[in-house]
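The structure appears right after this line, and notes come after that.
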Amino acid sequence: MKRIIVLTATLLSLSAQAPSVAAMVAKNFTVGYTKANDISQKSFAMKTGEKVHLEVNPTETGAGCMSSIMVPGLWNKPEPLVKGKKIVMEFTPQRAGTYKITCAMGVPRGVINVH
Ligand SMILES: [Cu+2]
């Protein structure tokens, strides 16, 4: 009987911790990229303090001005868009606001709303 009570108490404490455990798991966004359509999703909603895994899978290699991608304020390193080369940006937004998804020189191609 004592064992059951201990187990129940353990389960209760685990479920009480569930929200913080959930906060540790990254929220996934996976998008494609082609030259004609750019990134396949252009608008994203994220939460402050919630880890994000943002993945871009280019099926074509970018050219010219928009051949790299970055998110100033969230991912400040321009990543080249190269056919077949997965780009992974992992970050945890700290401040609410609107962040532009851009090329290396800051031309906008999408938006991330953090709230
Ligand atoms: Cu550019």
Quick one: how many residues across the stretch 41-53 are open to solvent by less than 30 Å² (accessible area, probe 1.4 Å) and touching a Ser or Thr at 6+ places or on another chain (Cβ under 8 Å)?
1
Please list, ordered by residue number, the strands (runs of 3 or more DSSP E) wholly in the stretch 64-115 having 2 or more residues that are in contact with a Cys (Cβ under 9 Å, 6 or more places away or on another chain) and without any contact (Cβ under 8 Å) to a residue 40 or more places away in the chain.
68-71
Which residues, counting only those in the stretch 90-115, are farther than 16 Å from S68 by Cα and of a type outside the set (V, I, T)?
E90, F91, P93, Q94, R95, A96, G97, Y99, N113, H115
Those residues that are within 16 Å of the ligand (Cβ to nearest atom) and exposed (fewer than 13 other Cβ atoms within 10 Å of the Cβ), I need them from the stretch 73-100; list them, please.
N76, K77
If I go through the stretch 55-72 residue by residue, how many of them are within 14 Å of Y99 (Cα to Cα) and surrounded by 15 or more Cβ atoms within 10 Å (Cβ to Cβ)?
3
Let me spell it out: the conditions are (1) away from the ligand (no atom under 16 Å from the Cβ); (2) under 17 Å from the mean Cα position of the chain (by Cα); (3) small (G, A, S), and G110 meets all of them except one. Which number is the exception?
(1)
Just to check your reading of the model, which residue among A45, A18, A36 is at pLDDT 95 or above, out of contact with any strand residue (DSSP E or B) (no Cβ under 9 Å at 6 or more places or on another chain) and more than 16 Å from the ligand (Cβ to nearest atom)?
A36
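The values are calculated or read from the model by the stated rules, or taken from the named source; none is laboratory data. The structure presented is a predicted model; accordingly, all values stated were derived computationally and were not measured. Neighbour counts are summed over all protein chains in view; Cβ atoms, including those assigned to glycine, are modelled from backbone coordinates with ideal geometry. With ligands, DNA and RNA removed, areas are computed over all heavy atoms of the protein, side chains included. Shrake-Rupley method; radii C 1.70, N 1.55, O 1.52, S 1.80 Å.
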